[in-house]
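Student: One structure, as structure tokens, below. Some questions next.
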Amino acid sequence: MFKNIDKFYMLVAIFVATYIFAPILSGGRDIAIGGYPVMPGSLMTIINVAILGVIQQNYGGDIAKKMVMGGIVARLVIWTFTLGTLLLPTHAMIPGYDRVVLSGYRILLAGILARYVGIVMIDIPMFQKIKEKYNSFAACILISLLVDTVIGRSIFIFAAKYGTEGSLVDRFIAQSTVSVIFILILTPVVALLNRILFPKSVVACKE
């Protein structure tokens, strides 16, 4: 069934789905791991960044940047239309729906800030340099995900949660610990996926 689906569009579909769904997961509830709060959307974001790495590896950094910017626009459009529904006459509404939608905007803006600074300004250029220096896709993905976890997660947590709870240090430590474990598991899987999809993949990304 998948033989007739272009690899690029398949990757784009996964990227868009994880990119849009991540803030939805983060806005509703935290999960408890080791007694500490962890936003489940952060794990979805790691998958998203890994898929972006596969795209950059095989289609170039310019395409990767356009993917991120397109994702930001998609998020804005979705949340704008969602907010617009609150302005229409209400027939029936789940209790607390309006509060969830409005609080989601802080998650949305935090995600956009983290994405632009962490991915567009740092992650994508760094991925290119590491690939050209070490000739290893797995190394690119691993370092890229770790950097995004430290920089992107710190920006996101501060922007999304500052003022809504006490110290954010425990949250950041718990979030980072879970993310690193997930990254170590995910990296070889993504490297294998890239090898299967693109067996003749070039050694270095092309801009």
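The values are calculated or read from the model by the stated rules, or taken from the named source; none is laboratory data. All values derive from a computational prediction rather than experimental measurement. Here Cβ is always computed from backbone atoms with ideal geometry, including for glycine, and neighbour counts include all displayed protein chains.
Student: Any residue in the range 117-138 that's farther than 12 Å from G53 by Cβ and surrounded by 14 or more Cβ atoms within 10 Å (Cβ to Cβ): show its pairings with residues that are of a type in the set (D, E) and at pLDDT 80 or above at Cβ separation under 7 Å, as long as the two are six or more apart or on different chains.
Tutor: Close Cβ pairs satisfying both conditions: G118/D148.
Student: Of the residues that make up the range 151-158, is at least one at pLDDT 85 or above and either within 27 Å of L113 (Cβ to Cβ) or surrounded by 15 or more Cβ atoms within 10 Å (Cβ to Cβ) (or both)?
Tutor: No: the range 151-158 contains no residue that is at pLDDT 85 or above and either within 27 Å of L113 (Cβ to Cβ) or surrounded by 15 or more Cβ atoms within 10 Å (Cβ to Cβ) (or both).
Student: Out of all the residues in the range 134-145, which are part of a helix (DSSP H, G or I) and either modelled with pLDDT of 80 or more or within 13 Å of R115 (Cα to Cα) (or both)?
Tutor: Scanning the range 134-145 gives F137, A138, A139, C140, I141, L142, I143, S144, L145.
Student: Residues being within 24 Å of S176 (Cα to Cα) and at pLDDT 90 or above: count how many of those fall in the range 1-45.
Tutor: The total comes to 2.
Student: Considering only residues that are within 18 Å of F137 (Cβ to Cβ) and either buried (at least 21 other Cβ atoms within 10 Å of the Cβ) or basic (K, R) (or both), which ones fall in the range 59-71?
Tutor: Those that are within 18 Å of F137 (Cβ to Cβ) and either buried (at least 21 other Cβ atoms within 10 Å of the Cβ) or basic (K, R) (or both): A64, M67.
Conditions tested, residue by residue: (1) modelled with pLDDT of 80 or more; (2) in a helix (DSSP H, G or I); (3) out of contact with any Gly (no Cβ under 9 Å at 6 or more places or on another chain).
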{"position": "P89", "(1), (2), (3)": "no, no, yes"}
{"position": "I94", "(1), (2), (3)": "no, no, yes"}
{"position": "L102", "(1), (2), (3)": "no, yes, yes"}
{"position": "L109", "(1), (2), (3)": "no, yes, yes"}
{"position": "F127", "(1), (2), (3)": "yes, yes, no"}
{"position": "E132", "(1), (2), (3)": "yes, yes, yes"}
{"position": "V147", "(1), (2), (3)": "yes, yes, no"}
{"position": "A160", "(1), (2), (3)": "no, yes, no"}
{"position": "T164", "(1), (2), (3)": "no, no, yes"}
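Student: Taking the range 52-76 as the region of interest, how many residues are touching a residue at least 60 places away in the same chain (Cβ under 8 Å) and assigned to a helix (DSSP H, G or I)?
Tutor: So the count comes out to 9.
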